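The values are calculated or read from the model by the stated rules, or taken from the named source; none is laboratory data. Just so you know, these numbers come straight off a predicted model, no measurement behind them. Note that we place each Cβ from the backbone using ideal geometry, even for glycine, and neighbour counts take in every protein chain shown.
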Amino acid sequence: MKLLGVSKSTITRFLETVSPRYLTVDESGLLYLDRQTFRRGKLTSMAKKEYTPYRKLLINGVQALYHDNSALLRKRLGCFFKLLPYINAEYNLICQPWCVEEQRLDLVEPLSVTEFCELCHFDRKHWKKYIKEYSSISFMLAGQEERFWSLIPADGNPSRERIFINPYILYQGSDYQTVIRAGGFDPIVRAISWPAKS
């Protein structure tokens, strides 16, 4: 509770939601991840086939993400785990479930902002509020501020934005630099396209 800065009731609700499928608590109160769902360390090529599709969480990015944000924003990050089945492996783009293994960016069909809200059980009428909150989530990594996600208009259409997740948090694809460029995480692109933090 102290590490995450959340209340006991929040921890209790979280444990009720994820136990015993993803997390177990032993008699002494220690938490353990379910080994069928989570693996720590490098996967062998055999394990990669067994756990396909898998997603690689990068511990430094995830820890910084939780450490550098308020309790409200950390609470919003819980939805991130619900989105894992909707994140394209190559581009870190939140997309329709049938596109998660697509290798061509032009064939990846992004989730709309309202579909994102529905997945997270947010009121669609307040989508602008949620987008603003998620857009304000950032973290420091190697002395540089990084954003949790970026919103990039699809084909120049601002009403159909693509939501990219920062590859320093999660990545499975073959070239994270592609995500950095496509998602506007590149420092030069970022200076032009990212709104000022409010």
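Taking first residues from the range 101-130 that are not assigned by TED's automatic domain parsing to the domain that holds residue 165 and partners that are of a type in the set (A, V, I, L, M) and part of a helix (DSSP H, G or I), no Cβ contact under 9 Å between residues at least 6 apart in sequence or on separate chains turns up. Is the range 158-174 home to any residue that is farther than 22 Å from residue 65 by Cα, surrounded by 17 or more Cβ atoms within 10 Å (Cβ to Cβ), touching a strand residue (DSSP E or B) at 6+ places or on another chain (Cβ under 9 Å) and modelled with pLDDT under 85? Yes, the range 158-174 has at least one match. Does residue 131 meet the test of being outside any loop (DSSP other than H, G, I, E, B), buried (at least 17 other Cβ atoms within 10 Å of the Cβ) and either at pLDDT 85 or above or on the phi > 0 side of the Ramachandran plot (or both)? Taking the combined requirement at face value, the residue does not satisfy it.
Within the span defined as the range 149-157, one or more residues are outside any helix (DSSP H, G or I), modelled with pLDDT of 85 or more and under 18 Å from residue 69 (Cβ atoms).
For residue 126, the conditions (1) surrounded by fewer than 17 Cβ atoms within 10 Å (Cβ to Cβ); (2) out of contact with any Asp or Glu (no Cβ under 6 Å at 6 or more places or on another chain); (3) within 19 Å of residue 171 (Cα to Cα); (4) at pLDDT 85 or above all hold with the exception of (3). For the range 71-110, the candidate set comprises residues that are within 16 Å of residue 131 (Cα to Cα) and not hydrophobic (A, V, I, L, M, F, W, C); within that set, the residue that is surrounded by the most Cβ atoms within 10 Å (Cβ to Cβ) is 110. Within the range 77-100, the residues that satisfy the criterion of being closer than 21 Å to residue 168 by Cα and touching an Asp or Glu at 6+ places or on another chain (Cβ under 8 Å) are 88, 89, 90, 95.
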